Structure formats: C-alpha cells, structure tokens
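Worksheet: the structure to be examined is printed underneath.
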Amino acid sequence: MDERILKEGPRGLDRREFLTGTALLGALAGAGAGLSLASPAFAQSATPTTGGTLRLGMSGGATTDTLDPRTFTDWVPVNIAYQIMNGLVEIDADNKATPELLESWEPKPGAKDWVFNVRKGVEFHNGKSLDADDIIYSINLHRGDTKSAAKAVLEDIVDIKKLDTHQIQITLTDGNADLPYILSDYHLFAVPNGFTDWANPIGTGGYKLEKFEPGVRSITKKTGSYWKPNAGYVDSIEVIVINDITARINALLSNQVDIINRLDGRTVDLLKRNKKFQVIRSQAGQHGVLLMNCESDPYKNNDIRLALKYAIDREKIIKTVLNGYGTIGNDQPIPRTNPYYNADLPQHGYDPDKAKFHLKKAGQENLKVTLQVSEAAFTGATDTAVLFQAAAKDAGINLDVKREPSDGYWDNVWMKAPFCASYWGGRPTADQMLSIAYKSDAKWNDTNWHRPAFDKLLIEARAELDQAKRKELYGECQKMIWEDGGALIPMFIDYIEAGTTKVQGWKPHPMFDFMGQRIGEKVWMPS
Amino acid sequence: MIRLVAERTALGLLTLLAISALLFFGTNLLPGDVASALLGQSATPEALHAIRISLGLDQPAWYRYLVWLGHVFEGDFGTSLASGRPIVAEVMPRLGNTLFLAGVAAIVSVPLAVGLGLLSAIREGGLFDRLVSILSLMTISVPEFFVGYVVIIVFSVQLGWLPSLATIDSGMSLIDRLEVVALPAFTLVLVVLAHMLRMTRASILSVMSAPYVEMAFLKGLSRSTVVMRHALPNAAAPIIAVVALNLGYLVVGVVVVEVVFVYPGVGQLMVDAVSKRDLPLVQACGLVFAATYVGLNTLADVVAILVNPRLKRPR
C-alpha cells in the first residue's frame, strides 16, 4: 500500500513534498471541495467538549522519521509537528490562506514586496514570547544552504527584513500574489530563534511532546494555555503508525484507534455499512497522470498525444479503479474546485474514431507503444494501464503495459521513460502546480514540455492582482496544456479517511487529509 | 567431544565472518553511493567530494570493510544516515521486542510441537494422529498474513478479547506485554507448529523399524516407553535441527507478522532502512539476523552431539 514512501532517492528531496497537497482555491471549495459521507443520524454536536484521548491510526510514518521540519517526507511527522508547533499561515476549509502566527499581511504594488505582521501575545512552551526574529529564523531554516525539502518552494524569496519586533518584510525576485499560500507550506513551523534541539521541539502549539518513537507512535499532552481560540479540545493525542491498510482498518474495527487515514475506494463501502463509523471524503487536486515525453518519439507528434488522450476510457477507470471516489480529468492539472479552473474546455472523452483520425494524420495507423507503470505511481496505476490497453485496442493502438518495481520507480522510470505513470498531489495554488511541472525550466517538468509563450503567460498571471484578469490568464495556460501538453490526466483522486462517530468537528479539507493534518487541535470527543 | 564442539563453534564464527563480507560488499553494490543519496539532486561536485572524504568513501572498499569490521567488534555500528542516531540505540530496543515475541512463541510452540509429534508417533495411524496430521497440514499451507488476519477478525474484531495492535512499550508490565503480544505470538505458533510437529513424528517413525527398537518391543515394553526411551534419543538430531531452524525463523522471518500486527520489531526497522538506503542500519540488521541464524544452528549442532551418545565419538 505504501510504496509512496519509498520515493526517496538520490534526489534527496522526496517527490512527495512537491506533490502532496491539493489545489483547491477559494470560494468554490464549499460547493464541491468535500462532502461528508457521515450518516445524518450522527450529526455533529454543535458545542465542543474538552477531555479524552484522541488516537490516530496513520499511514505515512517510518522508523527513520525525525521531528526536524526540514526532513519531513510523509504525513506522520507533519501531523505530530502541528500538534506541538504552529505554522505561519493556515489554509482553512474554504481553501483560503488565513492567519496563524502571521496575523496579517499586505503586498506592495506589483506583489514583489510584502509586509507581514507577527502575532502578539503568543508564548513558546519554554516561556519565550514570539517575535519577528523567531519567524525569520524559522523561515531561514529552509533557505540558502540547507537540506530542507521546502527549499525549492522558497527559492523566489530574495530577502527577509525585520521592520519591527513584530513586523517583517519579504522581498521576492518577481511579483507573486500567492505568497501567503506559499508560506502555508507544511515544512514551515515556528521555533524560537536559534533553536536546534529537534529531538524535543519547542513550539507554540496546544500540545507538548510526551513521547516519540519514530515509526511506532507518539504521545502529546495538552499544555492548557493555547493562544488559538476554539482549538485544542482533547487532553492528549496519540499517533500510532500503521502503514498496512488492512491492519489500519482492523485497528479501527477493534476500537484501538479512533480515526484512520488513506483508505482506498474498494474498502470504504464495507466501512460505510457499519453505523458506528463515519467516512470523510475530501475532493482535492491529487491526480493520476500518464506522462508522455514531448521530445521523444513518437510522442513528439501532438497527433499521437491526442490519439492517446482519446483512446482512454476515463469513466470506466474511475468506476473500476477508484470505485467512484474520484472526478474525471481533462488533461490539465487544475481541478474543477479551483476558482481558476477553466470550465470552457471541452472534455476529452473516449472516442476511438477521433483517436484513429489523429493516428492517420500522424501516419501511424498501427501505433505500438509501451506504458511503464508501478503501484508507486499511484494505487491502481497498473489496473488503469490494463484498462487503457483494452480501450486503446479499439482505436488500433497496441499498448504494451510494462510493470516496474515500486522500489526505485522514481529514480529509474519517472522522468526517464518516454511514457509512464505518475501522480501529483496538486499544490495549494494554480501558480504552484503550473510552475512546478509545466514551466519550461521547471525541475519537475516531467513531460519535457517547453513553451515560451506559456511561461510568459504564467509569470504575468503570478503578479496579477486583478482576479478576473488572473482567471483569464490561468484559463489560457490550462488551454495550452489541454491541447498540446504531454500529460494524460484521466482522473483526480479523492482523499478518504474514516473514524468512529464519537469524533466530532471533523470535516473534509481541501488541502490534505486529516483536516490539513491539523486534526489534533480541531476535533473533540464527547464521553 | 570438546574438540568437536569447538570445531562447530569456530565454523559458526567463520560463517559469520563470510556473511559480514557478503553483506558489506552486497549493500555497496546498490545503485548510487551514500554521498549522492545524502545530498540529493542539487549536490555540487565539491559537496559530494567533501562528504565522500568525511565518510571515508575515497578509501578502497576492502579497507572500509576492515575498518567497519573493527568497529563492529567493538560493538560500534556507527550512526544511522537517515535519523542521525547511533545504530546500537536504534536496533537494541527493537531487537529486544523481537526476541520477546519470538521467546513467547517459542515457549509455547516448541514443547507443544514436540509433544504432539511424539503423541502422534506413539498413536501412529490412529484417530488422534490423523486429526493432528490434517490440522497441521492446513496451518502449514496457509500464508502467515492470512492466519494473522483471521486471528484478528475472530479474537479482536468479533470477540473483542485481545488487541489487534501490538504496540509495545518499555514501561509496560509483563502481564500487559503478554496481552499485547498474545495474537501475534499465537499466529507465529500456528505458523511454526506444523513444521516441527511433522518433523518430530517423521524422525521417530523412521527409527521405529530399526533392530534395537524391535528388540525393545520384544522385551515387552509398551509403545510409549519404546518411543520415549529408545527411539527419541536416536531421532533427536533432526528434531533439534528443525527446532533451531524454526527458532531462527521466529526472529528473522517475522516481518510479515510485524506488519500485520504493527509490532515494533527489528524486521520492520530493516525494511524501512532499505527503502531509505540507510546502509549502515541495513548492515547492522543483516548482521544481527545472520548471527541469530548461525548461532542457533551452531547451538543445535552442539546440543545434537550432547544428546546423542553415538555422535559423541566420531567414527
């Protein structure tokens, strides 16, 4: 199940850093960002109560985990870190950047210089009160000469200046209207200036670390004086690492944990039948993708790319592989829940005749291609490829499916094979998603797609503060990828998590599962 | 006889040495060296060079092997590349957990298997023998993760008697620990029981037609006395060997059970280390596993010599 953790390779940065997260932005989130499948009989009680122990059964931890935010590669350490420490900016349930330790912000015209106010009256667990120096130190942990996985995210920051004890100014290379979103990255945690003892992190969070056994479990206890209102209800939180999905479900069924993450579509329906449990489904920007290298044969030819896009039966794949827990993709990476989503693009659907037409145009009527896949790319990638193979036959395409081992997939196949499966967890903003995988000079330009016109448009949109204009520019970006890109995106994949109905205040989140990993301080459990 | 035992022990140590070399050079064959794994994509040639020198990677492999071996003899396995903690501190608690689980499973399974094996040999062809035969064949043919899941569904989900998660903790009392490991230990017992049981039965039956056994019967001894007094000592060597093999398996081969029951043992540690290319940790785990196997097998040889009068004097 959890081959995804194996993605670490010589790149050092786990690809997951750049993929996880989802890409919903703003107002539309309420309409479709998430729907709770909880039975109405177990409506959430309105008034939170305090007390109790929340037990989380989580996939995404390893014995090699540490609590140094620079090393976070998977969800368990991130979740524990959010119990102890606070981030700078929080993404709320509507996918808006809302204040956390940074209380307010203001861009200067052009969005190149930004002024941030640091929250006053917040104390670290050791009694030190939070000021601008702490924030600057905490951001700088991920800048310059660092092994931090967030380094690439913060690369555009040229300078951070202290203006006042509780005010800083950040200067960027180019204008970027999304800076607060960038500062919501889950590697950015606030620690006291000069802090280095990562075995015992000191933060401003609602809980203190009691016990941490990497890859096994952690226990945190309430500090009792949390600055955040309406948060930190339970007395203690226990995270138990359960990487095996069957073991995770068993632990929930036998009442050893209260909630579990990362269910797959095939097992959810079994749980839903049991009235003692609720299932939370978050529709998000996580998507599966089949990558065609636009600079290698035969994918150089856009007619070949289009033929393959018309030769795949997306509906069937969502129904079979995801058991319906997903949305159809249209060969561009911005999900329909994003405010900048371009709804005017016609949906690429299964159409063998159109595929044949494009093959003929390319002079390749008996096309034979090899698709390299692994479950490391995304759960169900192999099944997706096999279904694709069957559908493509009707278009006269001979698709050969080559299974690759999960271990080493990201080093040996991804960005090397001309046609292979992969996934992106999406990004908090349209800009990040497009910059990281589609800009010509992007490090993770995994379709080898180079379009100077696209780059120009993207940079223009980034600094644009007028929303309508911005939407137009991003719409055009999506159109370019849609008609000419090398990414075949059949579906967006939902996050699914489950727990007992005792847990209250639990909602879908547009960023990551477990309410953006801040579930510990948000839920309560009436006894 | 002491010479024989000394020979076996020396042979065991030699095997271990050969394994350590295989482990060291084998893990060094993995693609990408440690320095590039540490620094990642953005590694500059200067940084790579600096790290190689600080890790001693510029030295020839045989020299690094000798240095590593020297440290190992002093009980120093170095530090983990991924977490930066000393490897001994990482491995020891995990090894303790694994040994505890293996110990519980062994205390139950070995007497049970040998006892049931003897009983079926005594009652060869009877109802008891056939029943044991069928049941042991069944447990031996089912993969262990399946046994684990069935055990969880019955005892933890349906009946709610025992926990399905075996999260063990240094602060727990023995009773709590036993409760927590009850299901994984039970699963392991089911998995190793059949093998030892059938081997015991077969070895006993193989000597039952020997002249000295017939002689014993002619003396008018009962079947159970003949089996216990005359057949067992001569059939002991293969039984001890198979017991040792299964004990080794209880320590080394339980990764699947550890995953199913989320037990923090040394197997899980090694799997994580391999996936993160944490080579010093992989080598340490490998060496611990090898030492367990070699040690148990040597011990089995020695015990087999001690219990069998004929083996005491090499022909």
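The values are calculated or read from the model by the stated rules, or taken from the named source; none is laboratory data. Note that the structure is a prediction, hence the values are computed from the model and not measured. Every residue, glycine as well, gets a Cβ built from its backbone with ideal geometry; the counts of neighbours run over all protein chains shown. When the accessible area is computed, the model is the full protein with side chains, heavy atoms only, and any ligands, DNA or RNA have been set aside. Shrake-Rupley method; radii C 1.70, N 1.55, O 1.52, S 1.80 Å.
Residues considered: B:PHE145, B:PHE155, B:PHE128. Of these, the only one that is buried (at least 18 other Cβ atoms within 10 Å of the Cβ) and aromatic (Phe, Trp, Tyr) is B:PHE155. When the residues of segment A:208-222 are filtered to those that are touching a strand residue (DSSP E or B) at 6+ places or on another chain (Cβ under 7 Å) and within 14 Å of chain B (Cβ to nearest Cβ), which remaining residue is nearest to B:VAL150 (Cα to Cα)? Within segment A:208-222, the match that is nearest to B:VAL150 (Cα to Cα) is A:VAL216. Within the option set A:TYR341, A:TYR325, A:TYR409, being of a type in the set (Phe, Trp, Tyr) and more than 21 Å from A:ALA437 (Cβ to Cβ) holds for one residue only, A:TYR325. Screening segment A:223-233 for residues that are of a type outside the set (Ser, Thr, Tyr) and surrounded by fewer than 20 Cβ atoms within 10 Å (Cβ to Cβ) and picking the one that is farthest from the other protein chains (Cβ to nearest Cβ) gives A:PRO229. Among the residues of segment A:406-419, is there at least one that is in a loop (DSSP other than H, G, I, E, B) and surrounded by 22 or more Cβ atoms within 10 Å (Cβ to Cβ)? Yes, segment A:406-419 has at least one match. Please verify whether B:VAL192 is in a helix (DSSP H, G or I), within 18 Å of B:PHE261 (Cβ to Cβ) and within 14 Å of chain A (Cβ to nearest Cβ), treating the condition exactly as stated. Answer is no for this residue. As a summary of the residue check, A:GLU210 satisfies the conditions (1) assigned to a strand (DSSP E or B); (2) on the phi > 0 side of the Ramachandran plot except for the one numbered (2).
So which of B:VAL260, B:VAL256 is within 11 Å of chain A (Cβ to nearest Cβ), open to solvent by 20 Å² or more (accessible area, probe 1.4 Å) and of a type in the set (Val, Ile, Thr)? Can you show your working first?
Details: B:VAL260 fails: open to solvent by 20 Å² or more (accessible area, probe 1.4 Å).
After ruling out the rest, the residue left standing is B:VAL256.
Taken together, the criteria place A:ALA437 among residues that are among the aliphatic types (A, V, I, L, M), under 20 Å from A:CYS294 (Cα atoms) and either modelled with pLDDT under 90 or in the same structural domain as A:THR337 (by the TED database) (or both).
The lone criterion from (1) in a loop (DSSP other than H, G, I, E, B); (2) crowded, with 24+ Cβ neighbours inside 10 Å left unmet by A:CYS477 is number (1). For the residues A:SER254, A:SER236, the requirement of being within 14 Å of another protein chain (Cβ to nearest Cβ) and hydroxyl-bearing (Ser, Thr, Tyr) singles out A:SER254. Here's a check for you: in segment B:158-174, which residue that is under 18 Å from B:ALA102 (Cβ atoms) and more than 11 Å from chain A (Cβ to nearest Cβ) is least open to solvent (accessible area, probe 1.4 Å)? This residue is B:MET172.
Of all residues in segment A:297-354, exactly one satisfies the criterion of being aromatic (Phe, Trp, Tyr) and either outside any loop (DSSP other than H, G, I, E, B) or free of Cβ contacts under 8 Å to residues at least 24 places away in the same chain (or both), namely A:TYR310. For A:ILE245, the conditions (1) within 14 Å of chain B (Cβ to nearest Cβ); (2) surrounded by 24 or more Cβ atoms within 10 Å (Cβ to Cβ); (3) of a type in the set (Val, Ile, Thr) are fulfilled apart from (2). Across segment A:204-248, the qualifying residues are those that are in contact (Cβ under 8 Å) with a residue 40 or more places away in the chain and of a type in the set (D, E, K, R), and the one among them that is farthest from B:GLU258 (Cα to Cα) is A:LYS228.
Okay, residues lined up against (1) touching a strand residue (DSSP E or B) at 6+ places or on another chain (Cβ under 7 Å); (2) in contact (Cβ under 8 Å) with a residue 60 or more places away in the chain; (3) within 21 Å of B:ALA82 (Cα to Cα):
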site: B:TYR212; (1), (2), (3): no, no, no
site: B:LEU218; (1), (2), (3): no, no, no
site: B:SER224; (1), (2), (3): no, yes, no
site: B:PRO233; (1), (2), (3): no, yes, no
site: B:LEU247; (1), (2), (3): no, yes, no
site: B:GLY267; (1), (2), (3): no, yes, yes
site: B:LEU279; (1), (2), (3): no, yes, yes
site: B:ALA284; (1), (2), (3): no, yes, yes
site: B:ALA291; (1), (2), (3): no, yes, no
